[in-house]
Amino acid sequence: MSDTATLRAGTPQKRRSRGIPERRLAVYMVAPSVALIALVALWPIIYAIWLSLHEYSLRQAGLSRWAEPAGLGNYTDALWGDESADFWSATRVTFIFTIASVILETIIGLAMALAMHSAFKGQGLLRTVVLVPWAVLTVVTAIMWRTIFDPNLGFVNSLLGTNTVWLGEEPQALMVMIFADVWKTAPFMALLLLAGLQVIPGEIYEAAKVDGANMWQRFRKITLPLLMPALLVALIFRTLDALRAFDLPKVLTNGANDTTTLSLLAQRTFQENRLYGEGSALSILTFIIVMIVSFGYIRLVGGNIRGMTEE
Amino acid sequence: MRVNRHVAVFLGCAALMGGLVAGCGDDDDDGGGGAASEETGTTEGAKVIDVASMDNAKGEVTFCLGKDTSGDKTALAKQFNEENPGITVKLLEFSTSADEQRAQFVQRQEAKSGECDVFYSDVIWTAEFASQKWIFDMTPYVKQREAEVIPATLETVNYDGKFWGMPQQTDAAFLYYRTDQVKEPPGTWQEAYQIAGENDGIVYQGAPYEGLTCDFLELAYAAGGEVLNEDGTQAVIDSPENVKALQFMVDGVKNGVAARGVTTYMEEESRRYWESGKATFMRNWPYAYALGQKKGTAVAGKFDVAPFPEFEGAGKAAILGGHNYVISVFSDNPGASLKYTDWMTQKESQKEMFLNYSLAPVLTEVYEDPDIKKKYPFAEQLQESVAQARARPVSPVYPQISQAIYKNVNEALAGRTSPEEALKTAQSEMQSALETF
Amino acid sequence: MEAASVSQPTQAKRRKKSGAVGSEPRTPWWLWLAVAAIVIFCLLPFYWLINISLKTGADLSGSDIVPPSPSFDNYTSIFENANFTKALRNSAIVSLVTTLLGIVVGSFAAYALARLQMRGKGILLAIVLSITTFPQIAIAAPLFRLWADVGIYDTLIGLVIPYLTFALPLSIYILVSFFREIPKDLEEAALVDGATHFEAFRKVVVPLAAPGLATTAILTFIAAWNEFLLATTLTSSPSARTTPVAISQFTGSSQFEVPLGTQSAASVVISIPLIILVLLFQKRIVAGLTAGAVKG
C-alpha cells in the first residue's frame, strides 16, 4: 500500500532500478514527433515569415525590397490597406463557412454515431457505408456536386422544383459549399464520436435505467459529459480544417460568388499571381487567425484540454 | 518557470533558423541594375540563344509539358531521337491542369533547377517567364523563321521588343451552329443571338476563369475595344466599346438567350450541354468537333463550325490559344534544346501533328497542304479563325489582368453589377497590378 | 424487483413502437428510418460516381440516372495504364508506412503527454496543434527546395516524412484523450509488479486503447491515401507518384477534355481499399473492446 501511495504522490519510486527514469523516457518518447515537426513544419513556417516581410518584383528577377513600413507592409495592406477588402471578405466567408459546417456536422455526426452505436443487424456494414464520403477524394466529390447541382445536367432542381443556378448565385454557392463539406465530414465526426461512445461502459447505462432515467436524461447526463473529450477533439480538428478550406472552394467555384476562403485567397496571391510577399503574409495571417481560434477553444473548455496532461 | 525555459529554447532556435534563412534568402539582385523600383519591366542582360549551338548538339534534353493528351509529343520525340542519334529527348509530364503545369515550371525556375530544358508554355505565360528572365531570348533564331509562321502567334512570344520562344501549336475557337436550325452562319454576333433567341439559345464559357477572358475578349476586340495601351503600361479596358460588348453579353443572359447556368460553365460543361442537343450555338475550341460527331450525341451530323462573325458596326476577332516552346536559362544543354525546338516546328512535324493528332500548326504552309484539307473539313475555317485571331494582353502580370477581367465580367453576367461598374472596377484592379514593383 | 418494474415501461414503449410483443428489444422503426436516411445521404454522390464510371462516349454528356449502355471499358482502360497501377502500388506503400510509423510515433508522444512526467507539455501540445493551422500551400514550395537539396525529391520516403508529420496532431490528440480515459490503477498495478514505465505502456495501455489506435490508423491511412498537394509537388515521375496525382493526369483526347469516365472509374477503384480497410478494422475495434473491457 505504501508503495502505491508513493506512486500516487508522484515522487520517484525507490524500488525501480530497472528501466529508464520517467522524465527521460518522456523525452525519448516525444523526441521523434518533435524532430519531424521541426524538420518538416518549422522551417517552411519560418521561411514564410521571412518572405512575408519583403516585396518581390514581378518584373525583375531576383529584385526584392523590405516591405515598408518596417517589413510589415504586406500585413498593413491586408488588414487596412489596398488588399483589405479582399482579406476581410475572405475572413467573413471562411468564418461563416466554418461555423455553419461545424455546427451541422456535429449534429448530424452525433446523430449518425448514436444510430451506429445502437445494436442492430448490419451495424458493421453501416459503419463502412458511413465512411464512404470521407474516403472519396474531395476533388472528385466536388466535381460530382458541380454536376449534380447544375441546372441542366443535374437533378437537384428537378428534385426541389426550383430553377436556381446554384453555384452561380450568392448566397446559394456558399450554401452548396457548406452542404458538400457537411456531406463529406459528418462521417468523420461520426467515427470519432462513435469511438468515444464505445468506451462508455454499458454498466453506467444499466444503472441509470435501473434508477429510472429515460432516454433523454441518459443522453444528457451520461452520454454528453462522457463524450466530451472525444467531442472536443473532433470539434477542434474540424474547426481548424474548415478554417483552412481550400480544395472544396477551388474546384466547386474557384472562389466565385462570394466563396473565396482565406486559404484560396492566399494560394491565388502566392501561386497564381506570384506575389510571394503578399501571399506569405496572407498565409501567416490565416495561421494567426486559426491559432487564435484554437486558443479560444482551449480557453473555453480549459479544464478538459489541460486535464489531458495533468497528473 | 519550466514553461519559460522551453519558450526561450524555442525562440532561440527560431532566431537561429531565421539567421540561416537570411543568409540564403532570395533577395540578391543579380542582373538588372539593382535599382530599387523600376516602373517598367526590363529584360536587359537576359541570356540570348546561340543559333550556332544547334549544330553538333548532343546529349539529353528534358521536355516538360502537361500530360501528352494527344500522344503526338511522345511519338514525335521518338522520331526525333531516331533521326538525331546524338540527342535524346525525354518527356516529363505534369498534370493535365494548366495551372498545375505552370506552378510546376515556376517552382523549378524559382529553385534555379535545370530539370526542364524545354517547356511547353501556354501562350499566356511566356511574357511572365520572360520578365523574370527564366527563359532564353530567342530573337536571333525566331527572326530567321518569322515569315513562315502565322503572324498572330508571334505576338505571344514578343515581349520587351524581343522574342522569347518559338510558337509550336496554335488554337482558335469557333462558333458551332446547328445545321438543322440555322441555314447559314450568321454574319454578325447580333444576328447570331437573334437566331439563338428564336431557337434554342447559345452556350459558352461564362464561369470566372481564364476561359471567360477569352470569350469576353472575342467580343470586346471585335467591338473595337482594347485592354492595355500600346506599351502595356496602362489599362484601358473601361471604354465605350468594351461596355457595349459587355452589355451585349449581359443582355443575352438576361433575355435567356444564353443557356441558364452559363455563368458556371467551362469548356466541358458547355460541350456537354451542346452535345445533349440543348443549344443552337456554342462557342468552343476545335476539340469539341470530333467529340460532337461521335455516334450517340444528340448533335452528331447536325452541326458545323464557322469563324466568329462581325460585331455589328465594328470588326471581327478571335483569341489565340496554343503553346510555345521555351528554353530554360538553367538548362545545361541549350544547343540540343534548340535543335529539338527547331525540329518540332519544321513542316514535317507540324503536318504530322495536324494530320494525325488534330493539333493546329503555326506554319502557314501546312494549312495549304491538300492532305490536310482532305482530312479536316474545318481546316479552312480554322485557318480563317487563326488569321483573324489576336493574342491576349501580353504582360508580366497577366494572371492579375485576366482575373480582373473574368471576375468582373462574371459579376456583370450574374447581374450583380452593371457593365459600366464592372469595367471600371476591372480597370482600377488592372492598373494597380500594372503598377506593381 | 426494481429491474422488472422499470423494464416494464421501457418494454411497453418498445412494444408500442415496434408493435411486437417479446422480451427481446426489437429495433425500433425509427432507427431503421434513420439508418435508411444515413445510407442514402452517404451513398448518393458515390452512386452518381459509379453511374458515370459505367458510361462511355456520348453518354457522358447526358444526365441519365442509370447508364443507358453500361460498360466496364473505363475500368479496363485504367488498369491497362501502367502508370496507374504503379501509382496504386506507390500509394499503398506510402500510406501503409505512414500509418504504421504514425501509430508508433504518435502513441509514444501521446503516452508521454498523457501519463509521464515531463516539463513543457502545454507548449508541446500547442506546437503540435499549430502544425494543423498552417495552410499547406505555404509548406509545399519550401519543402520542394529542401527535398531537392537533400536528394529525396521524387521518392516515396520524401512523401512519407511530411505525411507522417501532418498525421501527428490528430493522432496525438485522439490518443491522448484515449489514454487519459484508461484508469491509472491498471498501470500502477503493473508498475508495482515490477514493470518499467515503457512496459506498462506496451503491455497494459496499448491493448486497452485499441479502439483509439484503430481509429487513428484509419484516419491516417485515408489522409495519406488521398493527399494531393504535397504528392504533386514532391514527385515528378511515375515511380513515385501516388494515385491522386495519377488521376489528375488522366487525359481525354485534348487538353480541354476532362475524361470524366476514367476519372470516375479510378476514383471508385481507389475508394475500394479504404472501404475494405474500414470493414476489417471495425472488427478490431469491437474485438479490442470486448477483449480488454475497460473496467473500473
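Since every read-out is calculated from the coordinates, none of them should be taken as a lab result. Keep in mind it's a predicted model, so treat the numbers as computed, not measured. Don't worry about glycine lacking a Cβ; one is built from the backbone with ideal geometry, like all the others, and counts go over all protein chains shown.
Worth pointing out:
- Taking amide H atoms as placed 1.01 Å from N in the peptide plane, the amide H of residue B:175 lies under 5 Å from those of B:306, B:308, each 5 or more residues away in sequence or on another chain.
- Whichever lysines have a C-alpha closer than 21 Å to that of residue B:143, once near sequence neighbours (fewer than 8 apart) are set aside: B:47, B:133, B:162, B:339, B:347
- Among A:101, A:118, B:331, the ranking by other beta carbons within 10 Å of each residue's beta carbon, starting with the fewest, stands as A:118, B:331, A:101.
- Degrees, to the nearest 10: B:210-223 long Cα axis against longest axis of chain B: 60 degrees
- A simple spin-label model places the labels of residue A:125 and residue B:229 7.3 nm from each other, with each point 7 Å out along Cα-to-Cβ.
- Within a Gaussian network of chain A (alpha carbon springs, distance under 10 Å), most fluctuating of A:82, A:258, A:181: A:82
- Gyration tensor verdict on chain B (Cα atoms; rounded if a/c is under 1.5, prolate if a/b is larger than b/c, oblate otherwise): oblate
- Amide H contacts of residue B:97 (H built 1.01 Å from N, under 5 Å, at least 5 apart or other chain): none
- Cross-link partners of residue A:184 among aspartates and glutamates (Cα-Cα below 18 Å; sequence separation of 8 or more within a chain): A:105, A:241, A:247, C:227
- Computed per residue of chain A from DSSP H runs no shorter than four, each worth -39500 (n - 2.57), the mean residue ellipticity at 222 nm is -21500 deg cm²/dmol.
- Top of A:160, A:235, A:114 by mean-square fluctuation, Gaussian network on chain A, Cα under 10 Å: A:160
- Membrane-span-like helices in chain A, defined purely by DSSP H runs whose alpha carbon atoms cover 30 Å or more axially and whose average Kyte-Doolittle hydropathy reaches 0.0, are A:84-117, A:172-198, A:276-300.
- Phi angles across segment B:314-327 convert, under the Karplus curve 6.51 cos²θ - 1.76 cosθ + 1.60 with θ = phi - 60°, into 3J(HN,Hα) values of 9, x, 10, 7, 8, 9, 8, x, x, 9, 10, 8, 10, 10 Hz, Gly and Pro given as x.
- Helix axis angle, B:419-434 relative to chain B longest principal axis, alpha carbon, degrees: 20 degrees
- Helix-only [θ]222 nm of chain B, DSSP H runs n ≥ 4, -39500 (n - 2.57) each, per residue, nearest 500: -13500 deg cm²/dmol
- With a simple spin-label model that places each label point 7 Å from the Cα along the Cα-to-Cβ direction, the separation between residue A:118 and residue C:237 comes to 5.7 nm.
- For residue B:159, the residues whose modelled amide H falls within less than 5 Å of its own, excluding neighbours fewer than 5 places apart on the same chain, are B:164.
- In terms of its alpha-carbon gyration tensor, segment C:80-291 comes out prolate; a/c meets the 1.5 threshold, and the first ratio a/b outweighs b/c.
- Here residue B:180 and residue C:39 are evaluated by their C-beta separation; at R0 = 41 Å the FRET efficiency comes out at 0.35.
- Rounded to the nearest whole Hz, the Karplus-based 3J(HN,Hα) values (6.51 cos²θ - 1.76 cosθ + 1.60, θ = phi - 60°) of segment C:133-145 follow the sequence 8, 8, x, 4, 4, 6, 8, 4, 5, x, 5, 4, 5, with x at glycine and proline.
- Here the 3J(HN,Hα) profile of segment C:31-40, calculated from phi with Karplus coefficients 6.51, -1.76 and 1.60 at θ = phi - 60°, is 5, 4, 5, 4, 4, 4, 4, 4, 4, 5 Hz, Gly and Pro shown as x.
- Nearest-0.05 FRET efficiency for residue B:294 and residue C:71, computed from C-beta distance (R0 25 Å): 0.95
- Highest-fluctuation residue, A:277, A:168, A:122 considered, GNM on chain A with Cα pairs under 10 Å: A:122
- Residue exposure sequence - C:271, C:236 - by fewest surrounding Cβ within 10 Å: C:236, C:271
- The protein assembly as shown - charge dipole about Cα centre, Lys and Arg +1 at Cβ, Asp and Glu -1, debye rounded to 20: 6420 debye
- Compared with the dominant principal axis of the Cα atoms in chain B, helix B:398-413 is inclined by about 30°.
- Cα gyration tensor shape for segment A:86-309, rounded if a/c is under 1.5, else prolate or oblate: oblate
- Only lysines eight or more places from residue C:121 in sequence, or on another chain, were considered; those with a Cα closer than 22 Å are C:184.
- Peptide C:156-163 - average C-beta neighbours from other chains (10 Å radius): 1
- Other protein chain Cβ atoms within 10 Å, averaged over every residue that makes up C:213-222: 3
- Here r is the Cβ-Cβ distance between residue C:79 and residue B:56 and R0 is 35 Å; the resulting FRET efficiency, rounded to 0.05, is 0.20.
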